[in-house]
Amino acid sequence: MNLFRRRIWGDRGTWIAVLVATVAVVDAWIMRHNAPWRTYVLIIWVVIVAWLLGYTELRIGRKQIRRGRDAMFLGLAAFVGEERVDPTGERTRVWSGTAAGALAFEPEGIKWVPKFGDDEPGEISLQWSDVYSWRIGGVLPFLGRASGYLLFTLYGGRELVFAIYGVRNWRRTVREAAIVGPTLLAPEAAAAAPVEATDTAAEHFAAAPPPPAAAPEVEYEAVIGLECHVELATESKMFCGCTTTFGTAPNTQVCAVCTGQPGTLPVPNRKAIEHTLRIGMALGGTIAPTSLFHRKNYFYPDMPKNYQISQYDVPMVTGGSLEYDVNGETRRCRVHRVHLEEDTGKTRHGGEGGRIADSEHSLIDYNRAGIPLVEIVSEADLRSPDEAPAYLAELRTLLLTLGVSDVRLEEGSLRCDANISIRPKGQEEFGVKVEVKNMNSLRSVQRALAFEIERQTEEAKGGRTLIQETRHFDESSGRTIGGRTKEFSADYRYFPDPDLVPLSPPQGWLDDIRASIPELPTARRRRFVREHELRDEDARTLVDDPKLADAFEDAVRAYAGAGKPIARWYNEDLAQLGNDKGVAPQDVGVTPAHVAELQRLVDEQKVTISLAKGDVLKRVAETGQDPRSVVESSGLTQIADEGELGAVVDEVIAANPDVVERIRGGNEGPKGFLVGEVMKRTRGKANAQVVQKLLGERL
Amino acid sequence: MAISSEDVQHVARLARLELTDAEVELFRDQLSAVLERAQRIQQLPLADVPPTAHPVPLTNVWREDVVEPCEMGEPILANAPDRDGEFFRVPRILEDAE
Ligand SMILES: [Zn+2]
């Protein structure tokens, strides 16, 4: 199992997995013996996992009152507090200090004492029966690559549910396990014993709706659309010859055109137009026979011209769609339009890192202003936060494959805003749309959307009206924050840019571009699965990085054999090596020809597989030497010669008479120990099958 | 179609222009005259005429993706109303102002 070939110890996700497995076993044992403390074992387990995951949320009467570690303590206290009686009758105070307050364990209940007198009620005496739900969850990193969502929900005194969502490498096993339960009490019992709220808590949270009753609730679904901005990979800017190099000193890549000096004339970059057309074709969109550049007028100093050149009513591409996989299912999101525009400059506000602008002023660097930018607007076809990162990852792979962008999230070359609304399930028309901005990674997109859905659902269930607004995602708190309500809606006064004539790409050029589009990721994945008999996830890992997929194909060609062992080299051994060095698997210094040669050496039994994947690989990566000469020059050649190995086997047998005795007595177990001894003496070079055979003969 | 003083004020605000009442009146009348002229064109049978985005009968003017020396940073910065080292310095930007 490849799990153990990777260096996984110390990986947080692995620990969680081990923990989950251990507790599952312990729990099964307790179940069998019908032990009464099963509940407590579960709680301890939940708390440990919560600590590792770091996301907790506590709701009282469906009103979320706490998030983060505070919620964990409070929830725990409420849960155990109900049954806790101080035997001495004395007031014992147990403080669990957190940033926002502390918990006091007292005979009459648990008290929450806030440290800061902000908007908290002075003291809350909280009983478990007040709690609607205590939810613990978070992203589950696994093997540094896969990620999933682990969520526990402990409903007030009734049931515990936990589920693991969308773990990529685990998908098959975990989804089938799709662990629901264990249940503390049967759901029927929950219905029979409705949750009662104590008076004090009821007063504090009078505004919140009552705890869930058996009555059916309106179920909402989310409607999500994404707007992605992608910086195109060109040498020069969109309308002038300034270079697009990243990370140079501020305002060193500017000219009269991109700073909007009077009398200058912008001239479009042909490559950028070509890239946009290529994206449109790959998405299956319709290329407009004629399209126009417009001026989008606004006053914000990130554009020196006071307008951004963009496209308005006639974009270069309309329609199309993108297919992506989410939780093992293939979905399709339609694309509304793709248009070409120019990027803006970067502003620094007071309080930001790096060079600090004072609070009265902002600082501006126009190096990015005018870099060609493509905007890809999806239709509102996404229905859950999980779909957004899946869509974005697929889009990223597509753009990389097309070679139109480097798609570096950290350099801001792929940015994304989301439109999100909710509506009761089954309803046709859309709800009030909220735009979410400032999401800087795939994970923050997912988090922001999950938060927004919860927020909007809560507002709707509380009978409050949602307003159309732009909200900003705050990475540290995981919340979205509403901006000031605008006095009047944005009015950009678009008009055709008189400096730029219409674009009407000639048919011959379009044909050339279409012919130059490489095999697209979806097709390539399917082909890898079909031709090389790879597993879906292995094909995905390779194709996600087009250069990795190219290296893999080169190696398969050089090997002239099955693709499966080659895929394993790239996805496991070179990936591990790359992980250590912080580079991609194809960049560790091992060429496709080397990989083919390594596998051939294994096939020819010139070297054992563990040595090939260990010392030999390491030396090839370090020296760039040919694997065959590495094996030969460093004496790592496999020993399969029965005479030579026989001598070693005899030595081992002679040195371990007690073990031999046990094996002869019918206990086959320690045989592995003897094989290990032989391996040790031959420094791993012995052919295991031959050793087995020789041992069998001699015992 | 005549335009109102409110329309003029709205457009002026979008363009960050401060107009006196007399100016509002002046521009209202001038803009109304321009619009009326345009409206007269609309009375012609134009169903078969595509909207004209550009008066010059040209398409596909573009340049190859070639970097040209752009060492204008210093002179442009020198012309800026305010600077801070190699940065342009502007009055503080409100996060959400668009
Ligand atoms: Zn320039």
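The table below lists the values:
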quantity: Residue tally, condition in a loop (DSSP other than H, G, I, E, B), open to solvent by 70 Å² or more (accessible area, probe 1.4 Å) and either over 30 Å from residue A:242 (Cβ atoms) or not hydrophobic (A, V, I, L, M, F, W, C) (or both), over segment B:60-79; calculated: 4
quantity: Checklist (1) within 14 Å of chain B (Cβ to nearest Cβ); (2) open to solvent by less than 20 Å² (accessible area, probe 1.4 Å); (3) not hydrophobic (A, V, I, L, M, F, W, C) applied to residue A:472, failing item; calculated: (2)
quantity: Hey, residue B:58 closer than 30 Å to residue A:366 by Cβ and away from the ligand (no atom under 16 Å from the Cβ) or not; calculated: yes
quantity: Residue satisfying all of: in segment A:254-272; at the interface with another protein chain (Cβ under 7 Å from one of its Cβ atoms) and part of a loop (DSSP other than H, G, I, E, B); most open to solvent (accessible area, probe 1.4 Å) among these; calculated: A:267
quantity: Test: residue B:92 is within 9 Å of chain A (Cβ to nearest Cβ) and under 30 Å from residue A:472 (Cβ atoms); calculated: yes
quantity: Subset of segment A:245-287 [within 10 Å of the ligand (Cβ to nearest atom), touching a Pro at 6+ places or on another chain (Cβ under 9 Å) and among the hydroxyl-bearing types (Ser, Thr, Tyr)]; calculated: A:259
quantity: Segments classed as strands (runs of 3 or more DSSP E), wholly inside segment A:334-443, with at least 3 members that are within 23 Å of residue A:466 (Cα to Cα) and away from the ligand (no atom under 16 Å from the Cβ); calculated: A:414-424, A:434-439
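The values are calculated or read from the model by the stated rules, or taken from the named source; none is laboratory data. This one's a predicted model, so the numbers in the text were calculated from it and none came from an experiment. Here Cβ is always computed from backbone atoms with ideal geometry, including for glycine, and neighbour counts include all displayed protein chains. Just so you know, the surface numbers come from the protein's heavy atoms only, side chains and all, with ligands and any DNA or RNA stripped out. Shrake-Rupley method; radii C 1.70, N 1.55, O 1.52, S 1.80 Å.
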